[in-house]
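Q: Below is one structure. I have some questions about it.
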Amino acid sequence: MPRLTIFALFALVLASVSARAEAPTAVVMLEHGAAPVATFKVEVATSPEERAQGLMNREVLDPGAGMLFDYGEPTMARMWMKNTRIPLDMLFVDEGGIIRHIHAEAKPNDETPIATPVPVRWVLEIPGGRAAQLKLQEGDRMKVTTPPAKPTIP
């Protein structure tokens, strides 16, 4: 393989890693009633381009990590798993921070649309199976804080 091609591929990989490192982050706390359940350090996707990229092409996602899609105002969010290599739980959260819908264990690479039944401001993606492990349910709460703090993993 010519050196120029190898250099170009290396530069692309380096650029994608660098772009991820610069993504805005926040800490999300999930609560059941008034009791904190867990916190996650998440990347925040606010632009259409960031939301379209999402967690595509990731090989792993730490148990205390995720991605928060912030639409800025309530919307009928639609997600999919195109080029997403790991199962995810999707929590659809309204403007008041209430979890309105949980789509558990979304299948990797599935292009079937996953939609919320009600308008939401945020969609939180966490590793597949974590919502069940944490016994999360509709009606539980999510709080978003910055700057990021160390996530707690029960």
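The values are calculated or read from the model by the stated rules, or taken from the named source; none is laboratory data. Here the structure is a predicted model, which means the values were calculated and not measured. Because the Cβ atoms are built from the backbone with ideal geometry, glycine has one as well, and the counts that use them run over all protein chains shown.
Q: Please indicate, with yes or no, whether at least one residue in the range 116-129 is modelled with pLDDT under 95 and either β-branched (Val, Ile, Thr) or surrounded by 11 or more Cβ atoms within 10 Å (Cβ to Cβ) (or both).
A: yes
Q: To continue, here is another question. Restricting to the range 33-49, name every residue that is under 22 Å from residue 101 (Cβ atoms) and touching a strand residue (DSSP E or B) at 6+ places or on another chain (Cβ under 8 Å).
A: 36, 37, 38, 39, 40, 42, 43, 44, 45, 46
Q: Exactly one of these conditions fails for residue 132: (1) among the hydrophobic types (A, V, I, L, M, F, W, C); (2) loosely packed, with under 15 Cβ neighbours inside 10 Å; (3) in contact with a Lys or Arg (Cβ under 7 Å, 6 or more places away or on another chain). Give me its number.
A: Against the list (1) among the hydrophobic types (A, V, I, L, M, F, W, C); (2) loosely packed, with under 15 Cβ neighbours inside 10 Å; (3) in contact with a Lys or Arg (Cβ under 7 Å, 6 or more places away or on another chain), residue 132 comes up short only on (3).
Q: So which strands (runs of 3 or more DSSP E) are wholly in the range 67-154 and hold at least 2 residues that are in contact (Cβ under 8 Å) with a residue 60 or more places away in the chain?
A: Where strands (runs of 3 or more DSSP E) fall fully within the range 67-154 and carry at least 2 residues being in contact (Cβ under 8 Å) with a residue 60 or more places away in the chain, they are 120-127, 141-145.
Q: Still on this structure: Just to be sure before I move on: is residue 61 aliphatic (A, V, I, L, M), surrounded by 20 or more Cβ atoms within 10 Å (Cβ to Cβ) and farther than 19 Å from residue 141 by Cα in the structure I sent?
A: When the stated conditions are applied, residue 61 passes them.
Q: How about the range 37-66: which of its residues are farther than 18 Å from residue 131 by Cα, free of Cβ contacts under 8 Å to residues at least 40 places away in the same chain and outside any strand (DSSP E or B)?
A: Matches in the range 37-66: 46, 47, 48, 49, 50, 51, 52, 53, 56, 57, 58, 59.
Q: Now for a separate question. Give the range 66-91 a look and list any residue that's among the small types (Gly, Ala, Ser) and surrounded by fewer than 20 Cβ atoms within 10 Å (Cβ to Cβ), or say none.
A: 72
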